[in-house]
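Undergrad: One structure follows; several queries about it will come next.
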Amino acid sequence: MMFPAAEKRFIKTNFITIIVLFLVVIAGGVVRSTGSGMGCPDWPKCFNRIVPPTDISQLPQGYEQHYIEGRAKKNERFAKIVEFFGDKEMAYKLRTDKSILQHEEFNVAKTWTEYINRLVGVISGFCLLFTAIYSFTYLKSKGSIVVWSVINLFVVVIQAWLGSIVVSTNLMPWIITVHMLLALVIVCISIYTYFKAVTLRDKTVLVSNRSLGVLKVLAIVSILLMLTQVIVGTGVREEVDLLTDSAVARTDFITTIGQQFEVHRWLAYCSLILVIVLFFLVRTSFNSGSRQFKFALIALILVGIQMLSGIILARYAIPAFAQTTHLVIGTLLFGAQFYLLLLLNKQRH
Ligand code: HEM
């Protein structure tokens, strides 16, 4: 397929962006499971440096108070925003809850884990910037690619700001959830612009003259279910985080969480069944060389790994490696399903 050079450049950059975005998710997952979220008490710099310290002796005396004051100021501004949106109770909590301003002892490993996460985040920001710049080649031929690429740039700026609020609020669980869901939005927009750019010229990846009504409905139901499952999953993670700071033993977390976890497990089996059915339906409609088949297969494999890592989380007291795996595979699975849904679109002549 012949693409003009400028379009090739966009498609390549967009593709690299998607890969880098998944790297950010991996880095974020590692930060989460190693408890490194507060590795840098400030933002965007880390201990007010471009390259953070490797030893506590490099920090000036009384540095703790300085960063706590910075976070308090930031939280006050954030409380105003929350208040503006009508949540007075949350604004009050942000202003008065002592645990939000707790100081965390310096720890080299945690600081550098969080620092690497931020570096990858910055790289993804530049990737999205270049994707948006290069998208202007579609200004006349496919305006939606420009619009979505530019929107994505705005979303990632909001995402970076949310990252700073995650730190200033000492990892408040619901903010982490919004931060994660917004990451999914960014990933999906990137997949969408990539898909649009490729199919502008290469129609062969699309469905030709076949009626795929049932399949498409099923793919939509499946991705909506997956979205629900992700949201319930983040709810389970919020509970896990709250329990981590409590006296409850880690082995008792799952039973203590109770209903939320039961819903998550139940929905997991529903998702699994749907992904399996979807795979077999795709297999009967497409040959094994098609992208549709490949992505249905990828979704099937990923849902298997997701179930396995979930069961390990539940059985073995939520081990850190399974937390990272569960978060990363969940995001990949969602991305694969979203791309599959796009691939079920018909060719327009
Ligand atoms: C389709 C299948 C599944 C999907 C898409 C899914 C998705 C998710 C997501 C997105 C999270 C939040 C991760 C985070 O915010 O860090 C989560 C958490 C969790 N899930 Fe699942 N999940 C699935 C299946 C399961 C199964 C089968 C189990 C166990 C039987 C399970 C157990 C858990 C647990 C224990 C957590 C909390 C983990 C933590 O605190 O890091 N999940 N899930």
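The values are calculated or read from the model by the stated rules, or taken from the named source; none is laboratory data. Note that the coordinates shown come from a computational prediction; the quantities given were computed from them, not determined experimentally. Using ideal geometry, Cβ is built from the backbone for each residue, glycine included, and neighbour counts are taken over all protein chains shown. Please note that ligands, DNA and RNA were not included when accessible areas were found on the heavy atoms of the full protein model with its side chains. Shrake-Rupley method; radii C 1.70, N 1.55, O 1.52, S 1.80 Å.
Undergrad: Ranked highest first by average number of other Cβ atoms within 10 Å, how do 316-322, 49-55 line up?
TA: The most tightly packed comes first, giving 316-322, 49-55.
Undergrad: Label point 7 Å out from S164 along Cα-to-Cβ: which residues of the range 27-55 have amide N under 16 Å?
TA: Correct set: 40-50.
Undergrad: Sort out for me the Cα centre separation of the range 26-74 from the range 85-163, rounded to whole Å.
TA: Here the two parts' Cα centres lie 17 Å apart.
Undergrad: Okay, moving on. Could you check the spin-label model distance between N107 and Y316? Points 7 Å from the Cα along Cα→Cβ, value in nm.
TA: 2.1 nm
Undergrad: Using helices alone, I'd like the mean residue ellipticity at 222 nm for the chain: each DSSP H run of four-plus residues gives -39500 (n - 2.57), total over residue count, nearest 500.
TA: -26000 deg cm²/dmol
Undergrad: Run the 1.4 Å probe and let me know the accessible area of K346, rounded to the nearest 10 Å².
TA: 110 Å²
Undergrad: Shifting gears a bit: What length, rounded to one decimal in nm, is gained on full extension from V147 through to S99, with 0.36 nm per residue of separation minus their alpha-carbon distance?
TA: Extending this stretch completely gives an extra 13.1 nm.
Undergrad: OK, next. Less than 22 Å apart at the alpha-carbon level, and either on another chain or at least 8 residues along: which lysines does that give for K98?
TA: Within the straight-line limit of under 22 Å, K98 reaches these lysines: K73, K74, K80, K88.
Undergrad: Using only protein heavy atoms and a 1.4 Å probe, report how much of M2 is accessible, in Å² to the nearest 10.
TA: Ignoring ligands and nucleic acids, M2 comes out at about 150 Å².
Undergrad: For K98, K203, what's the largest-to-smallest order of accessible area, 1.4 Å probe?
TA: K98, K203
Undergrad: Grab the beta carbon distance between S288 and Q260, set R0 = 51 Å, and tell me the FRET efficiency rounded to 0.05.
TA: E(calc), rounded to 0.05, equals 0.80.
Undergrad: How big is the Kirkwood radius of the range 204-349, worked out from every pair of different alpha carbons and given in Å to one decimal?
TA: 16.3 Å
Undergrad: With springs only between Cα atoms under 10 Å, which of Q61, Q323, Q102 fluctuates most in a Gaussian network model of the chain?
TA: In the Gaussian network model the winner is Q61.
Undergrad: In µm²/s, what is D for the range 72-212 at 25 °C and 0.890 mPa s, where D = kT/(6 pi eta Rh) by Stokes-Einstein and Rh is the Kirkwood radius from Cα pairs?
TA: This corresponds to a translational diffusion coefficient of 137 µm²/s.
Undergrad: Continuing with the same structure: Please work out how much length the chain gains when fully extended from A5 to H66, using 0.36 nm per residue of separation minus the C-alpha to C-alpha distance, in nm with one decimal.
TA: 16.8 nm
Undergrad: For the charge dipole of the range 65-200, defined by +1 on Lys and Arg C-beta atoms and -1 on Asp and Glu C-beta atoms about the Cα centroid, which residue among L184, F78, V155 has the Cα displaced farthest towards the positive pole?
TA: Positive-end residue among those listed: V155.
Undergrad: When we measure straight from the Cα of K203, which lysines land under 29 angstrom away, once same-chain ones fewer than 8 places off are left out?
TA: K8, K12, K140, K142, K216, K294, K346
Undergrad: Sorted from largest to smallest, which semi-axis lengths in Å does the alpha carbon gyration tensor of the chain give for its equivalent ellipsoid, taking the root of 5 times each eigenvalue?
TA: 38, 26, 17
Undergrad: Would you kindly enumerate the cysteines in the chain that have no other Cys beta-carbon under 4.7 Å from their beta-carbon?
TA: Cysteines of the chain left without a disulfide-compatible partner: C127, C188, C270.
Undergrad: Got a number for the accessible area of H326? Probe 1.4 Å, square angstrom, nearest 10.
TA: In the full protein context, H326 sits at about 40 Å².
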